[in-house]
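I have a structure here, written as structure tokens, and I will follow up with some questions on it.
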Amino acid sequence: MRIRSGHILLGVGALLCAAVIAIVVMGGGTNPAQDGGADKGAGLPPVGSDPTELPEIEIETPEKDMGIVSNKDFTTKPYVIRNKGKAPLKVNNVTTSCACTEPVFPPDGLLIPPSGQASFDIKIDPRRIPGFLARRVLTITSNDPHKGQIQVGVMVSTDRKSTR
């Protein structure tokens, strides 16, 4: 059988159709993780209001040391977030780099008034931590227009003296 120009056109057409289907299935080619997953103007004040009245996130510490945790039981500790701004701060989401470190976070987020604070819990599953020491990363997403995403390191040491 000879390859003819019709065969080539049919193959190219099939590849183009597959590419279009892949783009539609994957959400139109956008990746929310690249743009912070939040609305671009979510933290901006309404038109005609004072532009200095913005939310401003302040985190407890950029590195949360969970200390030595039990090798058998879950460990949970709070993490505090403050709003230093003049508008309500909406913390939309907290994600983790590893399943061993789980943010216990309300599904509808945290709404922190100006000069206020709120917290969520960090839950550690020691059975998912290989070795004695681990550093994981939490990503906090908010409507702060200047710091829409903040990363927090979480240090964990497991007590390997206890048995599993």
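Considering only segment 68-157, give the strands (runs of 3 or more DSSP E) lying wholly within it that have at least 3 residues that are over 28 Å from Thr52 (Cβ atoms) and open to solvent by 60 Å² or more (accessible area, probe 1.4 Å).
Counting at least 3 such residues, we get 75-83.
Got a number for residues in segment 110-131 being of a type in the set (D, E, K, R) and under 17 Å from the mean Cα position of the chain (by Cα)?
2
Conditions tested, residue by residue: (1) under 14 Å from Ile150 (Cα atoms); (2) in contact (Cβ under 8 Å) with a residue 24 or more places away in the chain; (3) β-branched (Val, Ile, Thr).
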position	(1), (2), (3)
Thr52	no, yes, yes
Ile68	no, yes, yes
Lys72	no, yes, no
Gly85	no, yes, no
Asp108	no, no, no
Ile112	no, yes, yes
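With Ile129, Ile122 as the choices, which residue is among the aliphatic types (A, V, I, L, M) and modelled with pLDDT of 90 or more?
The unique qualifying residue is Ile122.
The values are calculated or read from the model by the stated rules, or taken from the named source; none is laboratory data. None of the values given here were measured: they were computed from a predicted structure. In this analysis, Cβ positions are derived from the backbone assuming ideal geometry, glycine residues included, and neighbour counts consider all displayed protein chains. For accessibility, only protein heavy atoms count, side chains too; no ligands or nucleic acids. Shrake-Rupley method; radii C 1.70, N 1.55, O 1.52, S 1.80 Å.
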